[in-house]
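Since every read-out is calculated from the coordinates, none of them should be taken as a lab result. For clarity, every value in this text was computed on a predicted model and none was experimentally measured. In this analysis, Cβ positions are derived from the backbone assuming ideal geometry, glycine residues included, and neighbour counts consider all displayed protein chains.
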């Protein structure tokens with residue numbers, strides 16, 4: 001399943017596995033167990049997978065903050081995606097989400113946060129939504145994106161801008177042709 005950036009405005013402030021510092025060791029983790037996107041409070045968070053997902057639960061936890069859990073299943077397996085530290089969850093358990101659906105608003109809720117951001121994570125789960133491979137050093141979390149994601153995301157933006165520039169170029173060529181025809 002192809003994934004896109006879950007927020008429109010913000011930047012990746014911490015990738016999966018980074019910052020192998022004592023803080024994570026205290027939580028029995030080898031490093032950061034998701035991807036963080038720094039953003040403003042209230043930034044809209046969207047379901048960012050190309051396929052459908054099912055909201056299996058939403059939480060309001062003192063340590064994790066407000067969160068949304070979405071499960072997908074495809075030829076690669078069954079996965080749960082988490083979106084944590086929200087100001088407000090806009091979906092509820094049982095909802096089916098499609099690409100672009102608003103699922104939450106970003107904030108800095110929870111004990112383990114240092115500012116407004118979205119923590120996006122991925123876990124492989126069984127048919128009962130139990131997290132598999134909990135002893136992998138990240139509590140079962142796996143990198144939600146392939147290593148080429150950020151390059152692909154940048155290329156997608158460049159391609160969209162090139163399309164706009166081509167339309168502008170074509171309009172200018174047409175306008176120049178019309179102006180030359182007046183002479």
Cα-Cα pairs of segment 55-114 separated by more than 19 Å (percent): 30 percent
Helix 149-181 vs. the chain, principal-axis angle (Cα, 0 to 90°, nearest 10): 10 degrees
Average silhouette area of segment 11-145, convex hull of alpha-carbon atoms, in square nanometres: 7.5 nm²
Residue 163 versus residue 27: modelled label distance in nm, points set 7 Å from Cα along the beta carbon direction: 3.7 nm
Packing-based ranking, highest mean first, of 28-35, 72-79, 2-9 given that Cβ atoms within 10 Å are counted: 28-35, 2-9, 72-79
Computed lengthening from residue 56 to residue 128, 0.36 nm per intervening residue step minus Cα-Cα distance: 24.9 nm
Ordering of 15-27, 46-58, 85-97 by packing [mean C-beta count within 10 Å, highest first]: 46-58, 85-97, 15-27
Separation of the residue 102 and residue 136 label points, Cα + 7 Å toward Cβ, nm: 3.3 nm
